[in-house]
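Got a structure for you, written out below as structure tokens; questions coming shortly.
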Amino acid sequence: MIRSVVQGCGAYLPERIVTNEELAKKVETSDEWIRQRTGIRQRHIAADGEFTSHLALKASERALSHAGLKVADLDLIVLATATPDETFPATATKVQSALGMTRGAAFDVQAVCAGFVYSMAVADSMLKNGLASTALVIGAETFSRILDWSDRGTCVLFGDGAGAVVLKAETGAGHSADRGILANALHSDGREHDILYVDGGPSSTRTTGLLRMEGKEVFKHAVVNMAAVVGEVLEKAGLTPKDIDWLVPHQANKRIIDGTGRKLGLSPDQVVVTVDKHANTSAASIPLAIDTAAKDGRIKKGDLVLLEGIGGGLAWGASLVRW
Ligand code: ACO
């Protein structure tokens with residue numbers, strides 16, 4: 001049996017930090033409102049001329065180094081993003097070229113904040129089917145470029161960043177057979193388009209457009225769908241919430257994260273929270289949180305880690321990984 005086993009991870013946040021106080025000088029908001037409603041304290045914003053591919057490249061180099069692997073080992077890049085450098089080609093191919101990788105396949109996955117779990121599932125399927133042997137799975141975004149900076153209801157919630165993991169197809173009996181991605185579950189419901197979307201695109205308006213969201217509606221769906229999908233992925237793997245060591249959720253809102261942790265009966269210190277430091281970085285948020293918890297020694301080899309996320313589409317999903 002082939003398993004997609006995590007070899008290493010990496011992350012990158014742009015240098016410039018924008019605090020809640022700084023935002024409160026531009027729109028009518030306050031540090032208190034933002035922290036109480038979301039848990040966010042600050043976000044990182046990409047510099048002029050710093051694109052999604054640049055953030056992705058830095059996270060990827062760190063992930064490869066952490067994995068102890070070389071670019072020549074890679075034969076697949078799956079990059080989750082809703083903010084590509086260009087309409088085409090895929091931003092993944094820019095990362096491929098910048099890394100100096102000349103073989104295999106590189107493409108983007110568009111599932112907004114669920115993009116990282118979608119990409120893990122896509123890479124896992126390809127490794128299991130023998131289409132590739134070593135994959136770089138990246139989540140990278142520059143959401144600052146699609147925000148309406150005059151809309152206090154959305155501009156305070158998002159930030160820029162990137163994270164990546166390296167997956168390797170491993171076969172074998174014994175200990176290594178227990179590790180890797182154990183199960184994935186993916187869903188979408190296009191009927192909910194209007195509660196979270198960007199009001200532009202190459203085929204409709206020929207503009208990039210700006211993010212529009214009915215926050216309260218998204219919140220309601222997030223709580224219900226996250227509880228269902230984590231139950232589903234655990235059932236697929238024949239495990240229960242008691243088996244989970246770490247929950248690494250999409251970092252959008254501390255209240256949604258706490259709700260999911262509570263429903264699973266986890267103690268708060270089993271839930272990895274980084275939303276305070278970088279706000280909602282969409283597809284980048286899960287690998288950013290993974291990187292934090294793996295590098296500070298919380299997530300260790302053999303731990304059972306549950307990843308889950310929801311975003312525009314609506315699209316949502318979960319991955320259960322034995323580290
Ligand atoms: N500062 C101060 N007041 C504000 C702000 C702000 N930044 N934004 C909105 N308000 C005001 C509103 O105007 C409203 O005022 P009113 O009562 O006078 O009309 C009041 O605060 C309450 O607004 P609500 O939108 O009802 O506030 P709510 O408690 O729902 O919190 C929030 C809003 C934080 C957006 C919440 O709904 C949320 O987190 N939703 C989920 C968003 C999310 O997780 N998205 C993830 C997916 S993102 C993706 O896929 C790209």
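The values are calculated or read from the model by the stated rules, or taken from the named source; none is laboratory data. This structure is a prediction, so every number in the text was calculated from the model and none was measured. Quick reminder, even Gly has a Cβ in these numbers, built from the backbone with ideal geometry, and neighbours come from all protein chains shown.
Sort out which residues of the range 1-28 are surrounded by fewer than 17 Cβ atoms within 10 Å (Cβ to Cβ) and outside any strand (DSSP E or B), and write them in order of number.
MET1, GLU15, GLU21, GLU22, LYS25, LYS26, VAL27, GLU28, listed by residue number.
While we're on this one: Run ALA24 past the list (1) among the hydrophobic types (A, V, I, L, M, F, W, C); (2) more than 16 Å from the ligand (Cβ to nearest atom); (3) free of Cβ contacts under 8 Å to residues at least 24 places away in the same chain and report the number of the one that doesn't hold.
For ALA24, the exception is condition (2).
Residue under question is ALA279, and the condition is that it be in contact (Cβ under 8 Å) with a residue 40 or more places away in the chain, of a type in the set (A, V, I, L, M) and on the phi < 0 side of the Ramachandran plot; does it hold?
Answer is no for this residue.
Tell me, which helices (runs of 4 or more DSSP H) lie completely within the range 236-323 with 1 or more residues that are within 11 Å of the ligand (Cβ to nearest atom) and of a type in the set (S, T, N, Q)?
285-295
Still on this structure: Return the residues of the range 158-190 that are over 18 Å from PRO84 (Cβ atoms) and within 16 Å of the ligand (Cβ to nearest atom); say none if nothing qualifies.
Initial filter on the range 158-190 (over 18 Å from PRO84 (Cβ atoms)): 165-190.
Those that are over 18 Å from PRO84 (Cβ atoms) and within 16 Å of the ligand (Cβ to nearest atom): LEU186, HIS187, SER188, ASP189, GLY190.
To continue, here is another question. When you look at ALA173, is it more than 30 Å from ALA47 (Cα to Cα), among the small types (Gly, Ala, Ser), at pLDDT below 95 and in a loop (DSSP other than H, G, I, E, B), yes or no?
Judged against the criteria, ALA173 is a match.
Of the residues ALA47, ALA123, ALA111, ALA56, which single one is within 22 Å of SER285 (Cβ to Cβ), over 17 Å from the mean Cα position of the chain (by Cα) and assigned by TED's automatic domain parsing to the domain that holds ALA24?
The unique qualifying residue is ALA47.
Restricting attention to the range 99-111, does a residue exist that is farther than 14 Å from ALA56 by Cβ and surrounded by 24 or more Cβ atoms within 10 Å (Cβ to Cβ)?
yes
Against the condition modelled with pLDDT of 95 or more and within 30 Å of PRO202 (Cβ to Cβ), how does LEU76 come out, does it pass?
Against the criterion (modelled with pLDDT of 95 or more and within 30 Å of PRO202 (Cβ to Cβ)), LEU76 qualifies.
Another one. Among the residues of the range 210-225, how many are near the ligand (Cβ under 10 Å from one of its atoms) and part of a helix (DSSP H, G or I)?
Of the residues in the range 210-225, 9 are near the ligand (Cβ under 10 Å from one of its atoms) and part of a helix (DSSP H, G or I).
Given the criteria crowded, with 24+ Cβ neighbours inside 10 Å and not assigned by TED's automatic domain parsing to the domain that holds THR38, does LEU266 qualify?
No; evaluated as a whole, the condition is false for this residue.
Give the residue that is nearest to the ligand (Cβ to nearest atom), with candidates limited to residues of the range 113-133 that are surrounded by fewer than 20 Cβ atoms within 10 Å (Cβ to Cβ) and of a type outside the set (A, V, I, L, M).
Ranking the candidates gives SER125 first.
Another question, if that's okay. Taking the residues in the range 216-229 that are of a type outside the set (A, V, I, L, M) and under 19 Å from the mean Cα position of the chain (by Cα) as candidates, determine which candidate is nearest to THR154 (Cα to Cα). Break it down stepwise before answering.
Of the residues in the range 216-229, the ones of a type outside the set (A, V, I, L, M) are 216-217, 219-221, 225.
Checking which are under 19 Å from the mean Cα position of the chain (by Cα) leaves us with 219, 221, 225.
Numbers: PHE219: 13, HIS221: 17, ASN225: 21 Å.
Filtering first and then ranking leaves PHE219.
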